[in-house]
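Undergrad: Mind having a look at this structure? Questions to follow.
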Amino acid sequence: STEAVWSAVDDYLTGHLLPDDPVLAATLEASTAAGLPPIAVSAAQGQMLHLFALMLGARRILEIGTLGGYSTLFLARALPADGRLVTLEAMPHHAEVAAANFKRAGLDHKIDLRVAPAIETLPKLEAEGAGPFDLVFIDADKPSNTDYLRWALRLTRPGGIIICDNVVRNGAVLDGASADASVQGVRCFFDALSAETGVTATAIQTVGAKGYDGFAMIRVCAA
Ligand code: SAM
């Protein structure tokens, strides 16, 4: 099937381009063993996040939606010695698994894991002066995408980048009558984004081990 080819090509590409990585493999194994859903980014996508962070020279990264911390590790590995990543997770069980994964990876000292609904943590981050962030990765509950976009825009430095995952959803993004709250969340996100001045944005459709989907990329313009 087409999906089998997408997955096989992902294996081929990552087999050539990504080194064998026992720490990342252990992260996925621990996540599966703990019953977390298999909804982390693919290895190729994780490496793309890693490259974005390197290209930006990111020192401050915010992630919304931790799960077992697989994407977090790709991002945190791009940080310099004094870099910091804040990652937001609502479910205590997911956060426990992620915390163990960060420790195993030797990166827990760079990662600030906040366990609460992100919509509660985001204003606290602003009040604490935790930002501005160079890179924000939005990958949590999709119905809240527009809220997360607004917070990301407040918390990202001029010239910084916001990435939002799962914005194509097997093409369902086209369906304005969809009963799926995640589809409506993505559509609302694009409506809000299209009305935003002061950003340069695109979205890229993707196929691979995670099926047919896509990500949006937004650069916050200098004032
Ligand atoms: N970024 C992760 C990765 O690629 O490895 C995957 C994240 S997973 C798609 C989405 C995560 O967001 C889940 O762990 C879920 O519990 C969390 N989540 C859902 N609603 C949330 C909320 N309101 N605030 C914070 N996290 C939430």
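Undergrad: Quick check: pseudo-label points 7 Å beyond the Cα along Cα→Cβ at VAL5 and ALA116, how many nm apart are they?
TA: 4.9 nm
Undergrad: Another question about this same structure. Kindly report the accessible area of segment 2-220 per residue (heavy atoms of protein chains, probe 1.4 Å, no ligands, DNA or RNA), in Å².
TA: Dividing the accessible area of segment 2-220 by its residue count gives 46 Å².
Undergrad: What order do you get for 84-91, 164-171, 124-131 when each peptide is scored by the mean count of other beta carbon atoms within 10 Å, highest first?
TA: Most protected by this proxy first, the peptides run 84-91, 164-171, 124-131.
Undergrad: Also, quick follow-up: In the chain, carbon and sulfur make up what percent of the accessible area (probe 1.4 Å)?
TA: In the chain, the share of accessible area belonging to carbon and sulfur is 58 percent.
Undergrad: Could I have the simple spin-label model distance between ALA172 and ALA127, label points 7 Å from Cα toward Cβ, reported in nm to one decimal?
TA: It is 3.6 nm.
Undergrad: About its Cα centre, how strong a charge dipole does the chain have in debye, to the nearest 20, once Lys and Arg get +1 and Asp and Glu get -1 at the Cβ?
TA: I would put it at about 560 debye.
Undergrad: With θ set to phi - 60°, apply the Karplus curve 6.51 cos²θ - 1.76 cosθ + 1.60 along segment 106-114 and write out the HN-Hα couplings as whole Hz, x wherever there is a Gly or Pro.
TA: Values, residue by residue: x, 10, 4, 6, 9, 10, 9, 9, 10 Hz.
Undergrad: Also: Multiply the residue gap between LEU17 and MET91 by 0.36 nm, knock off their C-alpha separation, and tell me the result in nm, one decimal place.
TA: 23.3 nm
Undergrad: Oh, and also: VAL207: net charge of surrounding residues, Cβ under 14 Å, Lys/Arg +1, Asp/Glu -1, itself excluded?
TA: Taking every other residue near VAL207 into account, the sum is -2.
Undergrad: Between MET55 and LYS103, what's the calculated FRET efficiency when r is the beta-carbon distance and R0 is 30 Å? Round to 0.05.
TA: For R0 = 30 Å, the calculated efficiency reads 0.60.
Undergrad: From the helices alone, meaning DSSP H stretches of at least four residues, give me the mean residue ellipticity at 222 nm for the chain, per-run term -39500 (n - 2.57), in deg cm²/dmol to the nearest 500.
TA: One gets -13500 deg cm²/dmol as the mean residue ellipticity at 222 nm.
Undergrad: Continuing with the same structure: Give me a comma-separated list of calculated 3J(HN,Hα) values for segment 77-90, in order, Karplus coefficients 6.51, -1.76, 1.60 applied at θ = phi - 60°, integers in Hz, x for any Gly or Pro.
TA: 5, 8, 7, x, 3, 9, x, 9, 10, 9, 10, 10, 9, 7
Undergrad: Right, next: Which one, ALA130, SER42, ASN101, is farthest towards the positive end of the dipole of segment 2-220 when Lys and Arg carry +1 and Asp and Glu -1 on their Cβ?
TA: ALA130
Undergrad: So what J values fall out for segment 176-187 if you push phi through Karplus, 6.51 cos²θ - 1.76 cosθ + 1.60 with θ = phi - 60°, rounded to Hz, Gly and Pro as x?
TA: x, 9, 4, 8, 7, 4, 5, 4, 5, x, 5, 5
Undergrad: As I understand it, the dipole of the chain uses +1 on the Cβ of Lys and Arg and -1 on the Cβ of Asp and Glu, about the Cα centre. Which of GLY160, GLN205, THR14 lies farthest toward its positive end?
TA: GLY160
Undergrad: Then there is this: Ordering GLU120, GLU196, GLU96 by how much accessible area each has at a 1.4 Å probe, largest first, what is the list?
TA: GLU96, GLU120, GLU196
Undergrad: Given H placed on each backbone N at 1.01 Å, which residues far from ARG59 in sequence or on other chains put an amide H within less than 5 Å of it?
TA: ASP134
Undergrad: Please list the equivalent ellipsoid semi-axes of segment 25-100, computed as the square roots of five times the alpha-carbon gyration tensor eigenvalues, in descending order and whole angstrom.
TA: With the √(5λ) rule applied to segment 25-100, the semi-axes are 22, 13, 10 Å.
The values are calculated or read from the model by the stated rules, or taken from the named source; none is laboratory data. All values reported here derive from a predicted model rather than from experimental measurement. Ideal geometry is used to build each Cβ from the backbone, glycine not excepted, and the neighbour counts take in all protein chains shown. Ligands, DNA and RNA are excluded from the accessible area calculation, which covers all protein heavy atoms including side chains. Shrake-Rupley method; radii C 1.70, N 1.55, O 1.52, S 1.80 Å.
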